[in-house]
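One structure is given below, encoded as structure tokens.
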Amino acid sequence: MLSDAEVRALVEGRHADPFALLGPHAGRPGRRRLRAFVPGALALHALAGGREQPLALRHADGLFEGELPGADAAYRLRAHWPDGSTQEFDDP
């Protein structure tokens, strides 16, 4: 779990190692934890294993997180924007 200080440093661009926090990381057995920073997105979903998993908004500036099934399956992200459009992309 990220501390509030880590979240603030990340969204303010001050974190010394953002990739230690962002992207997929080991989670519970058979699962992984995913964090993504997508400023401006209203909602974010991970597309993995033929399923669409909503990610929770952790910070209003666009930090999302959630758990995905599978330890190492490929995934993509789908952002939902304020103008009603969606965009699917690889997690940078």
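The values are calculated or read from the model by the stated rules, or taken from the named source; none is laboratory data. Everything numeric in this text was worked out from a predicted model, so none of it was measured. Don't worry about glycine lacking a Cβ; one is built from the backbone with ideal geometry, like all the others, and counts go over all protein chains shown. Accessible surface is based on the protein model in full, side chains and every heavy atom, while ligands, DNA and RNA are left aside. Shrake-Rupley method; radii C 1.70, N 1.55, O 1.52, S 1.80 Å.
Numbers at a glance
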{"read-out": "Residue-normalised accessible area of the chain, given per residue in Å² at a 1.4 Å probe", "value": "58 Å²"}
{"read-out": "Nearest-10 value in Å² for the accessible area of S3, using the 1.4 Å probe", "value": "50 Å²"}
{"read-out": "Label-to-label distance, nm, for residues given as A20 and A5 (7 Å Cα→Cβ offset)", "value": "1.3 nm"}
{"read-out": "Scattering profile of segment 1-63 at q = 0.18, 0.20, 0.23 Å⁻¹ [log10 I(q)/I(0), Debye over alpha-carbon scatterers]", "value": "-0.69, -0.84, -1.06"}
{"read-out": "Candidates G23, G70, G13, ranked by Gaussian network fluctuation over the chain, Cα under 10 Å, top entry", "value": "G13"}
{"read-out": "Charge dipole magnitude, Cβ of K and R +1, D and E -1 - the chain, Cα centre, debye nearest 20", "value": "300 debye"}
{"read-out": "Portion, in percent, of the accessible area of the chain that falls on carbon or sulfur, probe 1.4 Å", "value": "53 percent"}
{"read-out": "Gain in span if fully extended, R51 to S85, counting 0.36 nm per residue against the direct Cα distance", "value": "10.2 nm"}
{"read-out": "Rounded to the nearest 10 Å², the accessible area of R31 at probe 1.4 Å", "value": "70 Å²"}
